Amino acid sequence: MKFKRSFEDEAEIIPTASMADITFLLIIFFMVGTVFNVEKGIEMRLPQSTVQQDISQENVIISIDKEEKLYLDGEAVELGALGQGTLEKIAGSPESFVLVKSDQGVRYRIVIDVLDELLQAGITNIALPTEEEKP
């Protein structure tokens, strides 16, 4: 018995018509699904110095404790009244700074809320003090 082999000259082709459709769908998906986050910075005018300097006692100090309570020069204050109260404190000396001191465990959102209140009140001389890192 003789077996006959039959070879067909059909070339194997990869269908590319649907790949173009899939490519365009992926492009549209990523264009629609991508979120363009525009970073909004907090503009602050900080003193320029090449050496560390002590801050005078004439400045206004806003403190945020562990329980996220706000204090304006040692007196408890609400977030809504913070801007106006700070403006009243620095009315006599416009060159004084507002120090925003917060506990290490305070949520970042609270500090940003305080900075937003101060900037909305027109206060731009803001300082964020830190402690020197010990080796």
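The values are calculated or read from the model by the stated rules, or taken from the named source; none is laboratory data. Source: prediction; values computed, not measured. Neighbour counts are summed over all protein chains in view; Cβ atoms, including those assigned to glycine, are modelled from backbone coordinates with ideal geometry.
Against the test of being at pLDDT 75 or above and surrounded by 10 or more Cβ atoms within 10 Å (Cβ to Cβ), the options L46, L26 yield a single qualifying residue, L26.
State which residue is surrounded by the most Cβ atoms within 10 Å (Cβ to Cβ) when the search covers only the stretch 98-109 and only residues that are under 17 Å from G85 (Cβ atoms) and either modelled with pLDDT of 85 or more or under 17 Å from the mean Cα position of the chain (by Cα) (or both). Reasoning before the result, please.
Step one: of the stretch 98-109, the residues under 17 Å from G85 (Cβ atoms) are 98-101.
From what is left, the residues that are either modelled with pLDDT of 85 or more or under 17 Å from the mean Cα position of the chain (by Cα) (or both) are 98-100.
Details: V98: 24, L99: 16, V100: 19.
Restricting to residues being under 17 Å from G85 (Cβ atoms) and either modelled with pLDDT of 85 or more or under 17 Å from the mean Cα position of the chain (by Cα) (or both), the top hit is V98.
Residues checked against (1) in contact with a Leu (Cβ under 6 Å, 6 or more places away or on another chain); (2) farther than 16 Å from E58 by Cα:
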residue: V77; (1), (2): yes, yes
residue: A81; (1), (2): no, yes
residue: K89; (1), (2): no, no
residue: G92; (1), (2): no, no
residue: V100; (1), (2): yes, no
residue: Y108; (1), (2): no, yes
residue: L118; (1), (2): no, yes
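Where strands (runs of 3 or more DSSP E) fall entirely within the stretch 62-113, those with at least 2 residues that are β-branched (V, I, T) are at 98-102. Limited to the stretch 64-87, what total is found for residues that are crowded, with 16+ Cβ neighbours inside 10 Å and in contact (Cβ under 8 Å) with a residue 24 or more places away in the chain? Total satisfying the criteria: 6.
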